[in-house]
Amino acid sequence: IKSRNNTFQLTENEIEVESNFPLSVDPATRELKITTPAGERIVAILPQQAVDNMLAQGTFELVLKSRTNPEEEEVEIEEEEGKIVYKITGANQERLFGIFNVLVPKTAAVSAETGETLGVTQSLLSRLLDLISF
C-alpha cells in the first residue's frame with residue numbers, strides 16, 4: 001500500500017488498485033480495510049481474486065493495462081451505493097465483420113466484500129461493436 005497524488009494504491013501481483021479513500025492493513029488480523037465517509041469497511045476479496053473470477057466467468061478475456069504503468073493491470077476501488085466495489089476494465093477480442101480483430105471493452109463492478117458481480121457496463125460504441133462482431 002502506498003500513497004501517491006492524493007490517492008492510495010494497493011499492488012498485488014500485476015494488479016494495481018487505486019482508491020480515493022485511505023487503505024490500511026490491521027496488523028493483528030491482517031485484514032485490508034478501507035476508510036470511507038460511511039466508516040471503516042473490511043475488504044474481504046483481494047483484487048487478484050476479483051480479476052481471476054471475472055476471467056473465469058468469461059465476463060471478459062483480458063484485463064486492460066494501466067495507462068500510467070503498462071506493466072500493471074489497473075483496477076479501481078470505490079464506494080457505490082454504500083458498497084465497496086472494484087471497477088475492473090477488461091475486453092473481449094472479436095472479429096469486426098469477420099475480418100478485423102478488435103477489442104471490445106467493458107467494465108465490471110465486483111463487490112470487494114463478497115466477490116459478487118454487481119454489474120457490467122459498456123459504452124454505446126462497445127455495444128455496437130459487440131453486435132456487429134463475432
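Readers should treat all values here as calculations from the given coordinates under stated rules, not as data from a laboratory. Being a predicted model, the structure only gives us computed values, none of them experimental. Every residue, glycine as well, gets a Cβ built from its backbone with ideal geometry; the counts of neighbours run over all protein chains shown.
Quick check: the angle from helix 47-57's long axis to the longest principal axis of the chain, C-alpha only, nearest 10 degrees?
Approximately 30 degrees, to the nearest ten.
Each label point is 7 Å from the Cα along the Cα-to-Cβ direction; what then is the distance between the points at LEU125 and LEU62, in nm?
1.8
Reachable aspartates and glutamates from LYS2, Cα under 17 Å, same-chain residues fewer than 8 places away excluded?
Result set, ordered by chain and number: GLU12, GLU14, GLU16, GLU18, ASP26, GLU31, GLU72, GLU73, GLU74, GLU76, GLU78.
Counting alpha carbon pairs within less than 8 Å and at least 6 residues apart, what relative contact order, in whole percent, applies to the chain?
Relative contact order of the chain: 18 percent.
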